[in-house]
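Written below as structure tokens is the structure these notes are about.
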Amino acid sequence: MDNRRLCSNRRRPDELGLDGPEEQLCLKWTSDETQSESKSRVVSVSVSAEGRPELRHGLKGVRTVSNLNLPLQSIENRTLKERQHLRTVPISTYKDDKAQIIIGLDNIKISVPLEVRQAENDDLIAVRCKLGWSVYGRQGPENDTPTHVFHICHCTTVCGTRKLDEAMKAFFSLESFGVSVPIKPLRSKEDEQALKIMEATTNYISNERRWETGLLWKYDKINMPDSYPMALKRLKCLESKMLKDPKLKTFLNNTMQHYKEKRYIRKLEKWELSNSPRSWYLPIFTVTNPNKKKTCLVWDAAAQVDGISLNDTLLKGPDMLVSLMGVLLRFRERPIAVSGDIREMFHQIKVCALDQYSQKFLWRNGEINRPPDTFVMQVMTFGAACSPSLANFILRRNAERFGESHPEAVKAICRNTFVDDWLESVDTEEQMVQLANNIKDIHAKGGFEMRNWLSNSKRVVRSLNEVYEAPPKYLGTQDELQEKVLVIKPELLQRSSAGSHTKRRVLSIVMSIFDPLGLLRFFNVRAEIILQNIWRSGVGWDDAVKEPDEIDCIKWQALLPKLSDLRIPRYMSCSSNVSSLQLHMFVDASLDAYAAVAYLRVDLGDEIRCSLLSVPRMELMAAVLGLRLAKCLESELSNEIEKRVFWTDAQDVLFWIRSDARKYTQFVALRVGEILEGSEVGEWRWVPSELNVADDGTKWTKSVEVNSSIRWFSGPNYLCQDESEWPRGNEMSKTRETQVLYHKEEIKKQISPFASRRGVPLKMLSDNGTNFRGASRVLAQEIERISTSAVESQYPEMSFTFIPPGSPHMGGSWERMVRSTKSILTEILSNIGLREEVLRAALADVECTLNSRPLTYIPLESENSEALTPNHFLVGNSSGLRERGAMETNGLGLAKNFRIIEKDKSRINGLCAILTQSSEASQRSRLRDDRDLCPTGSRQRIISENRDMPENDREGCSKVPLARNSKRHEEV
């Protein structure tokens, strides 16, 4: 409490007869938790220490709150007597009591410690302040797990609106469209804990042919508040609805009877009603889906008591759901399609006996004149936070038991099951009959019953012991391979035409159109642009939108009824025997939006078909979006993509891709780098704006057509023609591409002689120039060509490592050499233009100078000796020059020259041996100051034990100096 004097429970001022004005109060504390108090009163009180009522301390500006929800505390007499330093503390004992007042920092003077009593190896201390004595600390064994009493507050007026704003920001972010950078996140500690509980508590009960598991508790010890009054109140509310709605009463009574027969629920006996720390009562309510005309019973695990719910104490568990977009894409691949779901999937998994007492509920069949009975749910409930993760974990665990006998069926379950729905498409009826029956049997052996089978094949449905019914149009038939992608609900049309528009109402209408594949993004993106404009206008969630936005909303909503007539093919004609399969990405951007649209071009031999895959969303951002979407689609589709083509009408994007990103800002460089890493320059092609389908998703015209024949669903006409008929880029694009290829060739030319002279490096560190990144993929092949088999065995593969664009400081080693090179060239070169051979000669001198720099500061024999330099390893001495005498022609002279060469070679070997021994000498030298390192006339010997050298040569090579103070070296 840093800005208020104190807070107290509202009940305490009432008991004391205190009164004051009511003011709005919003409390905020750690973890961004907030609590709003609409009727907080401002009162003044005085407090005193126990036994000293005459000494009062006045407190002004005290704020009351409805409930502090502080944990229970106890001080027992035994606790004080067992400790020598606490025996004489004048404090009254109490048990399971709660503090009723919190003193803030404005009154810190009355709570500042005046005396402290403590003892070693004891966590309890006694502190005296102006209000008396208090005992602080933790009581009990150190390894004892603390009991968690939750205090979780929710501010509906402030926090609720803020969370809605944050959800909207996430909705409009790039990552929310499933095309984020493919980085595999690390598993959180909570997920690790959840998986550990899953592994420890999940078991297969063979005699019942079902699985059992435990709830995913956040903590080992939890004290839950008494939830019986809350559950009883909710039951009475439900019973009042049952009196008004006989159908609801009949449904609930029949459902409870069904659950008893299935042994989903069990009535508790009186001796079982004793409360445990995790005891919890779940209220029940019903949810009706008007589209399916189906009512479901839900256990409200989010119901709160004192700000605590059952879900607050449970882990959600790791997200084990597969990509919904991937499931739907694979469902469209093959001609024979089937779908089915698992009956009451959550209720087929049993909860261990101990955790069942956290799933108690009250029921009395609507007989309001008698006390309710207490039941427990013996199975997982629809409403618990951990149920989805547990169900998917057990579904996979059950399928994995049959991995050896039915590998294809297990793969289909794990890859194409979304929650409790399984969707699949294959090439033939025979394949589907075998696959579907295997999956049905696998689920049955785990206690899961597959039902509601639908297929466009009568044979498939009848093989599953189902009565054949006409399949829905979205599955497709032999005569009509059409899909009804959307049915506009009557209530949606009514909602869109009733009353004035608010930001909340517009959002509700937009979110009511469920389009997981993004097939209608060309239509929805306009609504999102309108919503963005409403957001920018600054109106509140429940305020009427401004007139221009109101007009745009009315125009957009006038097209809603046309969506019910849209149909696009389900079957994308990409069976396993297609001649060619290409993925074409169209990207475009405007001031309001950027889009990427994907089409699958299938060559059937005698026919070419194009199918819309998904998904629209600044031209460069659109290009990045297209690349990420292409990667996502390739990973989800079963067929292998033979060729990719990225189409854009932006010449700027093509120029950036084919240029050096180092010349541009970090924003451009990062995105160009990602494009070049994930695609080839030759895959990017230019298309005129009028032929760019992505244009339909970013630019909204007054005469918008919404029907099944528009090019958005079928793709541009030229994709169904021969490649020679496709749009061609202009000559400028070809020139730029040639320039980029030239730069790549130049890089390869530079690396080739380097590898020939110095050998193939194991790792190549580079900055982030696009020509480097684009060339890195082909350099591996070039290195293999210029390397001998001996070098390849020593350097198996050269790898490229790139620093981030625009950050030369991360390449400190070579950037320092570049700086030195520039400095030397500035000194030795004139300002006039130079011929290439002169520049090459100058660079050779610079290379020699840089390679003569000292590598160590360790002094050896003589202060006049030269330092160890890179040139010693490359050419045998620091200068790179070797003195040559007159050419000898007689045998004696040739023998002497041979001995000189051998001695030079031995000297280099001695230098290498000295370098390996320099670490120990370096540690000794660090203990001296700079004056002691190389004093005048001093020298140091390091003997190299080279037993292969002659005795006289060994003496000469073992005393090679490693450093000296040289003005020339310091300048370099």
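Data for the structure
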read-out	value
Pick from region 193-245, criterion closer than 18 Å to ASN398 by Cβ and open to solvent by 70 Å² or more (accessible area, probe 1.4 Å), ranking: nearest to the chain's Cα centre (by Cα)	GLU199
Subset of region 426-443 [in a helix (DSSP H, G or I) and open to solvent by 50 Å² or more (accessible area, probe 1.4 Å)]	GLU429, GLU430, GLN431, GLN434, ASP441
Pair list, Cβ under 7 Å, 6 or more apart: region 323-341 residue at negative phi and open to solvent by 10 Å² or more (accessible area, probe 1.4 Å), other residue part of a strand (DSSP E or B) and among the basic types (Lys, Arg)	ASP341/ARG451
Residue ID - modelled with the lowest pLDDT, chosen from residues in region 206-237 that are among the hydroxyl-bearing types (Ser, Thr, Tyr) and closer than 21 Å to HIS443 by Cα	SER206
Members of region 848-865 that are at pLDDT below 70 and crowded, with 20+ Cβ neighbours inside 10 Å	ILE858, PRO859, LEU860
Residues satisfying the stated conditions in region 525-544, i.e. basic (Lys, Arg) and either over 29 Å from the mean Cα position of the chain (by Cα) or under 14 Å from VAL510 (Cα atoms) (or both)	ARG526
Qualifying residue in region 555-570 (condition: in a strand (DSSP E or B) and either out of contact with any Phe, Trp or Tyr (no Cβ under 9 Å at 6 or more places or on another chain) or modelled with pLDDT under 85 (or both))	yes
Residue match in region 294-306 (condition: surrounded by fewer than 21 Cβ atoms within 10 Å (Cβ to Cβ), basic (Lys, Arg) and not in a strand (DSSP E or B))	no
Inter-residue pairs, beta-carbon under 7 Å, first open to solvent by 60 Å² or more (accessible area, probe 1.4 Å) and in region 559-587, second at pLDDT 80 or above, 6+ apart	SER576/ASP427; SER579/ASP603; SER579/LEU604
Only listed residue being of a type in the set (A, V, I, L, M), at pLDDT 75 or above and touching a helix residue (DSSP H, G or I) at 6+ places or on another chain (Cβ under 6 Å), chosen from LEU25, LEU72, LEU86	LEU86
Scan of region 273-293 for residues that are among the charged types (D, E, K, R) and buried (at least 17 other Cβ atoms within 10 Å of the Cβ), ordered by number	ARG278
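The values are calculated or read from the model by the stated rules, or taken from the named source; none is laboratory data. The shown structure was predicted, so the numbers you read here are calculated from the model rather than taken from an experiment. Reconstructed Cβ throughout: ideal geometry from the backbone, glycine too, with neighbour counts over all protein chains shown. All accessible areas refer to the heavy atoms of the entire protein, side chains included, with ligands and DNA or RNA removed. Shrake-Rupley method; radii C 1.70, N 1.55, O 1.52, S 1.80 Å.
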